């Protein structure tokens, strides 16, 4: 037993990953270079078809924009919540973290369904606004991008808050006191001390929220409806409705590459800002 | 401190608290609303609900009317149990093997094992469907178990690696210099100390499998229906009110499970680190 090097313990998982993770992904790339849906004629036809169509660029841009809007919305309401968490007593912190983690353990489908009840024509928001006399006709919130971004804000917020809180609670509280003692206002302390120091957590949160919201198939199709088209819907249509696997492969590689490009740009930025803070 | 609050500080408090309360409202309100709506007496899902009844729960638990939903629940539980079991076995072994290894290859392997967390699940789901079909496998729960294991094992790796890194290496050296074998040290020293980490990871992996959409979407068929896919079907065409009851059950289950995990392994503390 002593002869066994410790690293060899990782071999079974490595084998599993190579045979059911890496191999399928390589195959996906291979399949994308076939012109026909029978996968018999090799060629670049599907790539030319996808990138020759202006519609594709619009869908890619819409998908990335949806991610950016969701990230912005989760920062707008999530960051203040993290600040409140930071100042709260340990008892309140326990309750807050429970509230933040619970949605994460609820099925995405349940959270999506919840927003149908909230945003629908007879939903909570419309009922409330109409009874207050603010509007006379129900607002159309389902099947709009606004409704989708609102829903994704709740669905993805825990992914923003967890890394943010993890980094923020390691900040030295003396730094904030020092900033206040030196006469800085709370706004100034926020933007010159807390935000730069929490940057690694903020970047990690943005990364997770972006990757998750751009690929949130169920929320996008159920709340966005069929008229708002994002890459996941195209992949689903092409692979499971039209059965054009090579074309679906091209779209899903495009999704993968666009998401990973943004994600690696973000994490590069995160490492850079992290280095700036500590060094 | 006797410093008077300036206008700027007051505006800071107002802005931060308003947005934080909005965040809490967005997080909690939909869950409460769905729970309340599931007890409606009416035929449609309106809020506030009209009257109180358990009709949708009765319809949901009716074995003949909701047979498809019950089968989907059974499949989802079976897949989650097996994929978590395999994940715990392979994942904790891998963590023991490479978590404390500083070699460059070990870091690469670690990144490789965690990559399903950022890789779009749909891309992997589609790739797995093509791969399994082209090598001639027929759709089955086993394939879904394999797919779920890949996308949920990172949770187990992460929490196990975190507990291993908090472990004092001196404990290992002590045990071995006192003559204990590597295996005995593992069994009597290391494993008991990292068990809560493995358990927390297993819980997260199990929940992620129950919740998984992208892999199940491509690998499940009518016979191997999975709960989230069935629920998606219940929302897509006409809204089936039983989905409110399903949601009610899932919300209650998640709430209770989380309380249990919080008491036993301190789940939220592990998720913050």
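The values are calculated or read from the model by the stated rules, or taken from the named source; none is laboratory data. The structure presented is a predicted model; accordingly, all values stated were derived computationally and were not measured. Note that we place each Cβ from the backbone using ideal geometry, even for glycine, and neighbour counts take in every protein chain shown.
The single condition from (1) in contact with a helix residue (DSSP H, G or I) (Cβ under 8 Å, 6 or more places away or on another chain); (2) within 13 Å of chain A (Cβ to nearest Cβ); (3) in contact (Cβ under 8 Å) with a residue 12 or more places away in the chain that residue B:264 fails is (2).
All conditions but one from (1) crowded, with 17+ Cβ neighbours inside 10 Å; (2) farther than 22 Å from residue B:129 by Cβ apply to residue A:232; the one that does not is (2).
So if I check each of A:110, A:118, which one is buried (at least 16 other Cβ atoms within 10 Å of the Cβ) and more than 23 Å from residue B:207 (Cβ to Cβ)?
Numbers: A:110 fails: more than 23 Å from residue B:207 (Cβ to Cβ).
On inspection, the qualifying residue turns out to be A:118.
Any chance region B:231-249 includes a residue that's more than 30 Å from residue B:46 (Cα to Cα) and crowded, with 21+ Cβ neighbours inside 10 Å? Spell out how you get there, then give the answer.
The first filter runs over region B:231-249 and keeps only residues more than 30 Å from residue B:46 (Cα to Cα), leaving none.
Looking for residues that are more than 30 Å from residue B:46 (Cα to Cα) and crowded, with 21+ Cβ neighbours inside 10 Å, one finds none in region B:231-249, hence no.
Considering each residue of region B:1-57, count those that are facing chain A (nearest Cβ under 7 Å), in a loop (DSSP other than H, G, I, E, B) and under 26 Å from the mean Cα position of the chain (by Cα), and give that number. Residues in region B:1-57 being facing chain A (nearest Cβ under 7 Å), in a loop (DSSP other than H, G, I, E, B) and under 26 Å from the mean Cα position of the chain (by Cα): 0 in total.
Restricting attention to region B:160-201, the residues that are in contact (Cβ under 8 Å) with a residue 12 or more places away in the chain and more than 22 Å from residue B:110 (Cβ to Cβ) add up to 5. Taken over region A:24-39, the criterion of being within 18 Å of residue B:132 (Cα to Cα) and part of a loop (DSSP other than H, G, I, E, B) is satisfied by A:37, A:38, A:39. Of all residues in region A:144-157, none satisfies being surrounded by 14 or more Cβ atoms within 10 Å (Cβ to Cβ), farther than 14 Å from residue A:87 by Cα, modelled with pLDDT under 90 and out of contact with any strand residue (DSSP E or B) (no Cβ under 9 Å at 6 or more places or on another chain).
Residue B:129 satisfies every condition listed in (1) buried (at least 23 other Cβ atoms within 10 Å of the Cβ); (2) more than 18 Å from residue B:204 (Cβ to Cβ); (3) more than 9 Å from chain A (Cβ to nearest Cβ); (4) modelled with pLDDT of 95 or more except (3). List the residue pairs whose Cβ atoms are under 6 Å apart, where the first residue sits in region B:46-66 and is more than 25 Å from residue A:119 (Cα to Cα), the second is part of a loop (DSSP other than H, G, I, E, B) and modelled with pLDDT under 85, and the two are 6 or more positions apart or on different chains. Between residues of region B:46-66 that are more than 25 Å from residue A:119 (Cα to Cα) and residues that are part of a loop (DSSP other than H, G, I, E, B) and modelled with pLDDT under 85, the close pairs are B:59/B:65. Tell me yes or no: at least one residue of region A:42-57 is closer than 22 Å to residue B:127 by Cβ, modelled with pLDDT of 90 or more, more than 19 Å from the chain's Cα centre (by Cα) and at the interface with another protein chain (Cβ under 7 Å from one of its Cβ atoms). No, region A:42-57 has no match at all.
The rows are residues; the columns are (1) over 20 Å from residue A:114 (Cα atoms); (2) touching a strand residue (DSSP E or B) at 6+ places or on another chain (Cβ under 6 Å); (3) more than 10 Å from every other protein chain (Cβ to nearest Cβ); (4) modelled with pLDDT under 90.
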{"position": "B:196", "(1), (2), (3), (4)": "yes, no, yes, yes"}
{"position": "B:202", "(1), (2), (3), (4)": "yes, no, yes, no"}
{"position": "B:208", "(1), (2), (3), (4)": "no, no, no, no"}
{"position": "B:212", "(1), (2), (3), (4)": "no, no, no, no"}
{"position": "B:231", "(1), (2), (3), (4)": "no, no, no, no"}
{"position": "B:239", "(1), (2), (3), (4)": "no, no, no, yes"}
{"position": "B:256", "(1), (2), (3), (4)": "no, no, yes, no"}
{"position": "B:269", "(1), (2), (3), (4)": "yes, no, no, yes"}
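I'd like to know if region A:189-197 contains one or more residues that are within 8 Å of chain B (Cβ to nearest Cβ) and buried (at least 18 other Cβ atoms within 10 Å of the Cβ). Checked against the condition, which is being within 8 Å of chain B (Cβ to nearest Cβ) and buried (at least 18 other Cβ atoms within 10 Å of the Cβ), region A:189-197 yields at least one hit. Once region A:235-259 is narrowed to residues that are closer than 12 Å to residue A:56 by Cβ and more than 10 Å from chain B (Cβ to nearest Cβ), the residue that is surrounded by the most Cβ atoms within 10 Å (Cβ to Cβ) is A:250. For region A:198-229, residues that are in a loop (DSSP other than H, G, I, E, B) and more than 9 Å from every other protein chain (Cβ to nearest Cβ) total 6.
At least 2 residues that are away from chain B (no Cβ under 11 Å), under 25 Å from residue A:62 (Cβ atoms) and touching a residue at least 24 places away in the same chain (Cβ under 8 Å) in each: list the helices (runs of 4 or more DSSP H) lying fully within region A:124-186 that qualify. I'd like the intermediate steps shown before the answer.
Details: elements: A:124-131, A:145-168, A:173-181.
Passing ranges, in order: A:145-168.
Every residue, every condition in (1) free of Cβ contacts under 8 Å to residues at least 60 places away in the same chain; (2) closer than 23 Å to residue A:156 by Cα; (3) outside any helix (DSSP H, G or I), yes or no:
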{"site": "A:58", "(1), (2), (3)": "yes, no, no"}
{"site": "A:67", "(1), (2), (3)": "no, yes, no"}
{"site": "A:70", "(1), (2), (3)": "no, yes, no"}
{"site": "A:83", "(1), (2), (3)": "no, yes, no"}
{"site": "A:93", "(1), (2), (3)": "yes, yes, no"}
{"site": "A:97", "(1), (2), (3)": "no, yes, no"}
{"site": "A:103", "(1), (2), (3)": "yes, yes, no"}
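Could you tell me which of the residues A:5, A:73, A:23, A:82 is more than 18 Å from residue A:255 (Cα to Cα) and within 7 Å of chain B (Cβ to nearest Cβ)? Full working, then the answer.
Working: A:5 fails: within 7 Å of chain B (Cβ to nearest Cβ); A:73 fails: within 7 Å of chain B (Cβ to nearest Cβ); A:82 fails: within 7 Å of chain B (Cβ to nearest Cβ).
Of A:5, A:73, A:23, A:82, the one residue that is more than 18 Å from residue A:255 (Cα to Cα) and within 7 Å of chain B (Cβ to nearest Cβ) is A:23.
A quick yes/no check of all residues on (1) assigned to a helix (DSSP H, G or I); (2) modelled with pLDDT under 95:
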position: B:60; (1), (2): yes, yes
position: B:64; (1), (2): no, yes
position: B:69; (1), (2): yes, yes
position: B:75; (1), (2): yes, no
position: B:80; (1), (2): yes, no
position: B:84; (1), (2): yes, no
position: B:89; (1), (2): yes, no
position: B:93; (1), (2): yes, yes
